[in-house]
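The values are calculated or read from the model by the stated rules, or taken from the named source; none is laboratory data. Quick caveat, the model's predicted, so the values are computed rather than measured. FYI the Cβ positions are ideal-geometry reconstructions off the backbone, even for glycines, and counts take in every protein chain you see.
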Amino acid sequence: MGKTVSEKILARASGSAEVRAGEIVKANVDLAMMPDLTTILAYNAMREMGRDRVWDNERVIVFLDHVAPATSLNAATVHRDVRRMAREQGLKHFYDVDAGVCHQVLAEKGHVRPGMLVVGADSHTCTHGALGAFATGVGSTDMGAVLATGRLWFRVPETIRVVADGALPEFVAPKDVILRVIGRIGADGATYNAVEFAGEAVRSMEVSGRMTLCNMAIEMGAKTGIVEPDEKTFSYLGERKTGSLEAVSSDADARCKEVLRLDVGDLEPQVACPDKVDNVKPIGRVEGTHIDQVFIGSCTNGRFEDLAAAATFLKGRRVHQGVRLLVVPASRDVYTNALNSGLIKVFVDAGALVCSPSCGACFGGHLGILAGGEVGLSTSNRNFRGRQGSPEAKVYLASPYTAAASAVTGVITDPRGEV
Amino acid sequence: MSARLRGMAWKFGDDVNTDLIMPGKYLELVDPREIARHAMEGADPTFVKRVRVGDIVVGGRNFGCGSSREQAPIGLKQVGVATVVAESFARIFYRNAINIGLPAIECPGISGAVEDGDTLEIDMAGGIVTNVGTKKNLKLVPMPRFMIEILEAGGLVAYLREHMDEWMR
């Protein structure tokens, strides 16, 4: 019986010849990442565990991104304390409020490599499976244990394999693929499992699109999403001056709990409707729904490719009167590329608000909070009740194509008929 | 962790996510007492005023789905919730709850056997939850030994202080 990529990575990290799904192992973590709002709790936990120094100041990476720049006195105090911690601990990699959203920056700065065991004190850490890492989100006390010891316990997950065949139609995006998959698997259908994304459609996706897929694995309960590394992975990483690459992938005869196949050749744009991420409908069922605000950004869809997709619909046009459009590049590098290639001008000319990189608009921390009775359309990852402001607001999730086309018309709009 | 718990049930539905348990705008708070003022605010803004020490939160499927924010179980523990019993839990919430010493107990069928305000008795060792009013008994899903040890220590911090050598092996 062959092994899954998760079994291989967790065996290597736990120093075992072989581990199998269902086993609990203690493993050495290769990389630990923390954003601002979970760092202090983790740091306090580490100290309460009796350690004063993080286990490895090159493998602990900290970001100020959720409330960046600080939006309140409380946030400013957290940031001050995190900066002090980074300085005291001599962290080699500390990203202040000017860098961007942790997951985007971690990948684009070349910190993640295939085969790594990555933990992050943020649930969307599963994003890094797009680079062939086993990457999973943990809470602050788990992170405290990692800071103190470099180790953590893991239950070796079973694997669900999602095979996406065919070629994506024009104006249908990786986001539509993952929304369709979540709609089928359900919000808890992959709990404690790893979800491997494979098939022709995934092979032909750039790393950017694969990050969108893996990012939302948590929205079906998964421990991680993961894509087998290939030439696209190595080309992405190669540009980022990484060290040696140890690609790991599942054996052909590895045990899968479930295989879900879909042909994306006839996939329509998908929309996750309020207020659950698995309440997914084809666009035709929600077309014409009034919207007050559109948000394009986040660790799900704030990359250059996403902004370029959005710009297709906004070039030379105006955001519909009465609709607010927020465009938030996921990182400084994304922002710079968008600026140099003219995308930022397209957005500003169209009437969009272009905001500095942060997580604020996605999690209701700041930026574009929705009032009671308002409707938001977002390219982010969660539409939970109250997620982006009032519990009486509604949030729909869609691709950057759908979001931009809808910003122009003022109602949820099928992008395929709008260019 | 005491072997027997008795408390009043607060019943919630399926997919109670971490934004309902602890809205994102409060994540800037680090003092558990301040965090506690907002426990369950997204699901029931009156919860904090009415909950009493020893009460039991009853959830449906996928309790605690969403974010990795540990502020969610911290808020529940700090207001005195003795345990969360649910049909099933999301992975990160489950780990976080155990890690801070708040028992998260899986119990298939609990949603159908409990109404808001019912009194529940939980026998941890025997693995049984009883609805005192209806006398209905349900079985708890047994927890791995390792997690029971963390709970018995009072959470992962205390566990690691006691078992650091073993942890590093």
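Please count how many residues of the stretch A:185-220 are more than 16 Å from A:Cys256 (Cβ to Cβ) and not β-branched (Val, Ile, Thr).
Going through the stretch A:185-220 one residue at a time, the tally reaches 18.
List the number of the failed condition for B:Ala82; all other conditions in (1) free of Cβ contacts under 8 Å to residues at least 40 places away in the same chain; (2) closer than 26 Å to B:Pro45 by Cα; (3) surrounded by fewer than 24 Cβ atoms within 10 Å (Cβ to Cβ); (4) aliphatic (A, V, I, L, M) hold.
(1)
Name every residue in the stretch A:313-342 that is within 18 Å of A:His103 (Cα to Cα) and without any contact (Cβ under 8 Å) to a residue 12 or more places away in the chain, in order of residue number.
So the first thing to find is which residues in the stretch A:313-342 are within 18 Å of A:His103 (Cα to Cα), and the list is A:327-337.
Across the stretch A:313-342, the qualifying residue is only A:Thr336.
Can you tell me which residue among B:Gly80, B:Gly75, B:Gly126 is modelled with pLDDT of 95 or more, more than 10 Å from chain A (Cβ to nearest Cβ) and out of contact with any helix residue (DSSP H, G or I) (no Cβ under 8 Å at 6 or more places or on another chain)? If you could, list the steps in order and put the result at the bottom.
On the way: B:Gly75 fails: out of contact with any helix residue (DSSP H, G or I) (no Cβ under 8 Å at 6 or more places or on another chain); B:Gly126 fails: modelled with pLDDT of 95 or more.
Exactly one of B:Gly80, B:Gly75, B:Gly126 is modelled with pLDDT of 95 or more, more than 10 Å from chain A (Cβ to nearest Cβ) and out of contact with any helix residue (DSSP H, G or I) (no Cβ under 8 Å at 6 or more places or on another chain), namely B:Gly80.
Only one of A:Ala17, A:Ala13 is crowded, with 18+ Cβ neighbours inside 10 Å and either among the small types (Gly, Ala, Ser) or without any contact (Cβ under 8 Å) to a residue 40 or more places away in the chain (or both); which? Can you show your working first?
Numbers: A:Ala17 fails: crowded, with 18+ Cβ neighbours inside 10 Å.
Answer to the selection: A:Ala13.
Does A:Gly265 satisfy the condition of being over 22 Å from A:Ala404 (Cβ atoms) and either surrounded by fewer than 24 Cβ atoms within 10 Å (Cβ to Cβ) or modelled with pLDDT under 95 (or both)? Spell out how you get there, then give the answer.
Details: over 22 Å from A:Ala404 (Cβ atoms): yes; either surrounded by fewer than 24 Cβ atoms within 10 Å (Cβ to Cβ) or modelled with pLDDT under 95 (or both): yes.
Answer is yes for this residue.
Which residue is farthest from the other protein chains (Cβ to nearest Cβ), if the candidates are limited to the stretch A:368-382 and must be out of contact with any helix residue (DSSP H, G or I) (no Cβ under 6 Å at 6 or more places or on another chain) and either surrounded by 24 or more Cβ atoms within 10 Å (Cβ to Cβ) or part of a strand (DSSP E or B) (or both)?
We begin by selecting, within the stretch A:368-382, every residue out of contact with any helix residue (DSSP H, G or I) (no Cβ under 6 Å at 6 or more places or on another chain); these are A:369-376, A:378, A:382.
Now drop any that are not either surrounded by 24 or more Cβ atoms within 10 Å (Cβ to Cβ) or part of a strand (DSSP E or B) (or both), which leaves A:370, A:375-376, A:378, A:382.
On the way: A:Leu370: 12, A:Val375: 17, A:Gly376: 14, A:Ser378: 14, A:Arg382: 6 Å.
Per the stated criteria, the residue is A:Val375.
Could you go through the stretch A:54-73 and let me know if any residue there is among the small types (Gly, Ala, Ser), without any contact (Cβ under 8 Å) to a residue 60 or more places away in the chain, within 22 Å of A:Val248 (Cβ to Cβ) and surrounded by fewer than 21 Cβ atoms within 10 Å (Cβ to Cβ).
Taking every residue of the stretch A:54-73 in turn, none turns out to be among the small types (Gly, Ala, Ser), without any contact (Cβ under 8 Å) to a residue 60 or more places away in the chain, within 22 Å of A:Val248 (Cβ to Cβ) and surrounded by fewer than 21 Cβ atoms within 10 Å (Cβ to Cβ).
Residue-wise test of (1) over 18 Å from A:Ala45 (Cβ atoms); (2) crowded, with 22+ Cβ neighbours inside 10 Å.
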residue: B:Ala90; (1), (2): yes, yes
residue: B:Ala97; (1), (2): no, yes
residue: B:Ile100; (1), (2): no, yes
residue: B:Cys107; (1), (2): yes, yes
residue: B:Gly127; (1), (2): yes, no
residue: B:Lys139; (1), (2): yes, no
residue: B:Ile148; (1), (2): yes, no
residue: B:His163; (1), (2): no, no
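Please determine whether any residue of the stretch A:195-212 is within 14 Å of chain B (Cβ to nearest Cβ), farther than 18 Å from A:Val264 by Cα, buried (at least 24 other Cβ atoms within 10 Å of the Cβ) and at pLDDT 95 or above.
Filtering the stretch A:195-212 down to residues within 14 Å of chain B (Cβ to nearest Cβ) leaves A:195.
Narrowing the set further to residues that are farther than 18 Å from A:Val264 by Cα leaves none.
No: the stretch A:195-212 contains no residue that is within 14 Å of chain B (Cβ to nearest Cβ), farther than 18 Å from A:Val264 by Cα, buried (at least 24 other Cβ atoms within 10 Å of the Cβ) and at pLDDT 95 or above.
Could you check A:Thr191 against (1) within 14 Å of chain B (Cβ to nearest Cβ); (2) under 15 Å from the mean Cα position of the chain (by Cα); (3) among the polar types (S, T, N, Q) and say which number it fails?
The single condition A:Thr191 does not satisfy is (2).
Out of the stretch A:194-220, which residues are more than 27 Å from A:Glu239 (Cα to Cα) and within 14 Å of the chain's Cα centre (by Cα)?
Of everything in the stretch A:194-220, those that are more than 27 Å from A:Glu239 (Cα to Cα) and within 14 Å of the chain's Cα centre (by Cα) turn out to be A:Ile218, A:Glu219, A:Met220.
Kindly state which strands (runs of 3 or more DSSP E) lie completely within the stretch A:194-268 and contain at least 1 residues that are under 25 Å from A:His111 (Cβ atoms) and touching a residue at least 12 places away in the same chain (Cβ under 8 Å).
A:194-198, A:224-227
With the condition kept exactly as written, say whether any residue in the stretch A:73-96 is within 14 Å of chain B (Cβ to nearest Cβ), farther than 30 Å from A:Lys3 by Cβ and part of a loop (DSSP other than H, G, I, E, B).
So far as the stretch A:73-96 goes, no, none of its residues is within 14 Å of chain B (Cβ to nearest Cβ), farther than 30 Å from A:Lys3 by Cβ and part of a loop (DSSP other than H, G, I, E, B).
Is it the case that the stretch A:345-360 has a residue that's more than 14 Å from chain B (Cβ to nearest Cβ), part of a helix (DSSP H, G or I) and aromatic (Phe, Trp, Tyr)?
Yes: the stretch A:345-360 contains one or more residues that are more than 14 Å from chain B (Cβ to nearest Cβ), part of a helix (DSSP H, G or I) and aromatic (Phe, Trp, Tyr).
With the condition being more than 12 Å from chain A (Cβ to nearest Cβ), I'd like the helices (runs of 4 or more DSSP H) fully within the stretch B:1-60 carrying at least 3 qualifying residues.
Values: elements: B:18-21, B:32-36, B:47-50.
Hits in the stretch B:1-60: B:47-50.
Being among the charged types (D, E, K, R) and at pLDDT 95 or above is the filter; apply it to the stretch B:1-18 and report the residue that is surrounded by the fewest Cβ atoms within 10 Å (Cβ to Cβ). Show your work before the answer.
Pass one, the stretch B:1-18, residues among the charged types (D, E, K, R): B:4, B:6, B:11, B:14-15.
Still in the list and also at pLDDT 95 or above: B:6, B:11, B:14-15.
Details: B:Arg6: 14, B:Lys11: 16, B:Asp14: 17, B:Asp15: 23.
Applying the filter and picking the extreme gives B:Arg6.
Applying the selection to the stretch A:105-134, what residues are in contact with a Cys (Cβ under 6 Å, 6 or more places away or on another chain) and more than 9 Å from every other protein chain (Cβ to nearest Cβ)?
Residues satisfying the conditions are A:Cys126, A:Thr127, A:Gly129, A:Ala130.
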